[in-house]
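The values are calculated or read from the model by the stated rules, or taken from the named source; none is laboratory data. Predicted model, so just to flag it, every value in this text is computed and none were measured. Because the Cβ atoms are built from the backbone with ideal geometry, glycine has one as well, and the counts that use them run over all protein chains shown.
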Amino acid sequence: MNSRLGDIIRFRDDKLFQGAVDISWFSRDRNKSQAAAASFVFHGPRYHGVRQEGYHEHKLTDTATFACSILTQACGKGEQPFKMAVAGYGTGKSHLSLALAELLHAPESSAG
C-alpha cells in the first residue's frame, strides 16, 4: 500500500477560524460564533493534560469542570461570584468563552 498521509486524512481548515477565535463574534457574526462553539472540545479532569505539581496559589482546572462551575454559579448555586481563566496566548480562552456564551444563549441547540 503506497498511500500518502494527505490521501488518508485532511486538515479541516474550516475549523481554524483564521488562527484565532474572537469573543466579539457572539454579537457580530452569529454564524461564525456558532461554528466556533460547535467545534470546541471540553476536556475533563483526566484528559486536560495539565499537572499541578508543587505549591500553587490557584488550582488548575480542566475546561469541563470550569464550565460546570460557571453554570452552577449562573443558576445561583455557587459560592463565588466570579470565575477567572488565566492561560497563555493561544490556549483557547476566547474559544471557551464563546462556547459557553453559545451554550447559555441556546442550551437546546445542537452545538450545546
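Laid out as a table, the results:
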| read-out | value |
| --- | --- |
| Pairs, first modelled with pLDDT of 90 or more in the range 27-44, second assigned to a loop (DSSP other than H, G, I, E, B) and of a type in the set (Val, Ile, Thr), C-beta under 8 Å, six or more apart | 36/21 |
| Residue pairs meeting the criteria (Cβ under 7 Å; at least 6 apart or on separate chains; first over 20 Å from residue 94 (Cβ atoms), in the range 45-65; second assigned to a loop (DSSP other than H, G, I, E, B) and modelled with pLDDT under 75) | 59/52 |
| Within the range 4-18, tally of residues that are out of contact with any Lys or Arg (no Cβ under 9 Å at 6 or more places or on another chain) and at pLDDT below 75 | 7 |
| Residue satisfying all of: in the range 83-107; of a type in the set (A, V, I, L, M, F, W, C) and in a helix (DSSP H, G or I); surrounded by the fewest Cβ atoms within 10 Å (Cβ to Cβ) among these | 104 |
